[in-house]
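Trainee: Quick one: structure below, then a few questions.
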Amino acid sequence: MAVPKGKVSKARRDSRKANWTATAPTLVSCPHCKASIRPHTVCKECGYYDGREVVAKKSKEKESK
């Protein structure tokens, strides 16, 4: 079983946890519809990725019927 070689002070222990902060996600604008999206992902608004349509989005007329 592992046994620690010596007591770790509170300052040393807590300094390991000091950089565990949440960061805001990186957002870019979609070149097709200008919506904010994560980089290298398909746009949820228009379904485009890398200049071409990858996911066909339903039109509003079909959703109401």
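Trainee: Return one whole number: the accessible area per residue of region 1-56 in Å², for a 1.4 Å probe.
Mentor: Value for region 1-56: 97 Å² per residue.
Trainee: Quick one: give the max-minus-min coordinate of the C-alpha atoms of the chain along each principal axis, largest first, in Å.
Mentor: Here the Cα extents, ordered largest to smallest, are 69, 26, 21 Å.
Trainee: Calculate for the chain the 222 nm mean residue ellipticity that helices alone would give, adding -39,500 (n - 2.57) per DSSP H run of length 4 or more and normalising by residue count, nearest 500 deg cm²/dmol.
Mentor: -4000 deg cm²/dmol
Trainee: Once you list every other residue whose beta carbon is under 11 Å from the beta carbon of Glu45, what net charge do they have if Lys and Arg are +1 and Asp and Glu are -1?
Mentor: In short, +3.
Trainee: Run through region 5-53 and list the chymotrypsin sites (Phe, Trp or Tyr not before Pro) located in a DSSP loop whose Cβ has at most 12 other Cβ atoms within 10 Å.
Mentor: For chymotrypsin sites (Phe, Trp or Tyr not before Pro) across region 5-53 that sit outside H, G, I, E and B with at most 12 neighbouring Cβ atoms in 10 Å, the list reads Trp20.
Trainee: Based on the Cβ-Cβ distance from Thr41 to Lys10, what FRET efficiency comes out when R0 is 30 Å, to the nearest 0.05?
Mentor: The formula returns an efficiency of 0.10 here.
Trainee: Roughly to the nearest percent, how much of the accessible area of the chain is carbon and sulfur, given a 1.4 Å probe?
Mentor: Here it works out to 53 percent.
The values are calculated or read from the model by the stated rules, or taken from the named source; none is laboratory data. Here the structure is a predicted model, which means the values were calculated and not measured. No Cβ is skipped: glycine too gets one built from the backbone with ideal geometry, and neighbour counts run over all protein chains shown. Ligands, DNA and RNA are stripped out before the accessible areas are found, and what is left, the full protein with its side chains, is counted by its heavy atoms. Shrake-Rupley method; radii C 1.70, N 1.55, O 1.52, S 1.80 Å.
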